[in-house]
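Reading through the structure tokens given below for one structure.
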Amino acid sequence: MIFLFTDFGPSGPYLGQMEAVLRINAPGVDVINLVSDAPTGKPRLASYLLAALAADFTKGSVFLCIVDPGVGGDRLPVVLEADGRWFVGPDNGLLNTVAVQAKCVDWRIITWRPERLSASFHGRDLFAPVAAQIARQDFARFVSDWDGPELGNWPTDIASIVYFDHYGNAITGWRYSDALEGTFLLVVGQRIHQARTFIDSALGRPFWYCNSMGLVEIAVNLGRADDVLSLELGQDLYFEDGP
């Protein structure tokens, strides 16, 4: 399968144009729109959501990843193989969290160029054709070996808000571990308790929990955490031992 991870939004022509290129170049391969509302123009934040989502998919899965505010500039077009999964996108940090959380990585740079390469839509003209060839296992001529970016200072987790879902829940870039059990989360000057899930917290009261992707998430039972707490993308948070 080819999974789309973009900040394009659900409307407009861009998703359809990319999907058309994929289906033309890789007929019979399923194309899934995984995320179309990644943090707009914020590849660093989006990278933590991408890594959490991709971890659930099997080896051989191909992810076409476009959060590319520098399109047409000097960032590189790259391919990352991480623990048997494939990621195609710009070298602007979007793929870095996948790489630092993986056990085995291999980077390549895309050297192929199409006859038509627009300055502003490399997702359609460059990345989608290469993702299709990877899905067909016929892409060697499109890439060359590359050492990859310098990732020595790239954190494997960040205690920041990286995404808001449709319900106003705030997903962070911090993976849950047992060491967090029973701690409080501090954000915007408030101390938020932990709960197992929504029904375990009082109506209208903020809480944090381990979400279905294994990330720390801030929510409100039958409310919007973004509104109740005045949260913003990139906002930092902290953990504090109870009581």
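The values are calculated or read from the model by the stated rules, or taken from the named source; none is laboratory data. Every value quoted in this text rests on a predicted model; they were computed, and no experiment measured them. Methodologically, a virtual Cβ is constructed for each residue, glycine included, from the backbone with ideal geometry; neighbour enumeration extends over all protein chains shown.
All of 120, 61, 144 fail the test of being within 30 Å of residue 176 (Cα to Cα), modelled with pLDDT of 95 or more and of a type in the set (Gly, Ala, Ser), apart from 61. Among residues of the range 18-39 that are farther than 19 Å from residue 94 by Cβ, those with a beta-carbon under 9 Å from a residue that is of a type in the set (Val, Ile, Thr) and surrounded by fewer than 19 Cβ atoms within 10 Å (Cβ to Cβ) at least six positions away or on a different chain give the pairs 23/29.
Annotation: of all residues in the range 60-69 being assigned to a loop (DSSP other than H, G, I, E, B) and in contact (Cβ under 8 Å) with a residue 60 or more places away in the chain, the one that is surrounded by the most Cβ atoms within 10 Å (Cβ to Cβ) is 67. Residues that are surrounded by 14 or more Cβ atoms within 10 Å (Cβ to Cβ), charged (D, E, K, R) and assigned to a strand (DSSP E or B) within the range 137-177 comprise just one, 175. One residue is enough: does the range 128-136 have a residue meeting the conditions free of Cβ contacts under 8 Å to residues at least 12 places away in the same chain, under 16 Å from residue 21 (Cα atoms) and over 20 Å from the mean Cα position of the chain (by Cα)? Checked against the condition, which is being free of Cβ contacts under 8 Å to residues at least 12 places away in the same chain, under 16 Å from residue 21 (Cα atoms) and over 20 Å from the mean Cα position of the chain (by Cα), the range 128-136 yields no hits at all. The number of residues in the range 178-222 being modelled with pLDDT of 95 or more, surrounded by fewer than 17 Cβ atoms within 10 Å (Cβ to Cβ) and closer than 18 Å to residue 233 by Cα comes to 1.
For the range 5-59, the set of residues classified as in a helix (DSSP H, G or I), surrounded by 17 or more Cβ atoms within 10 Å (Cβ to Cβ) and basic (Lys, Arg) consists of 44 only.
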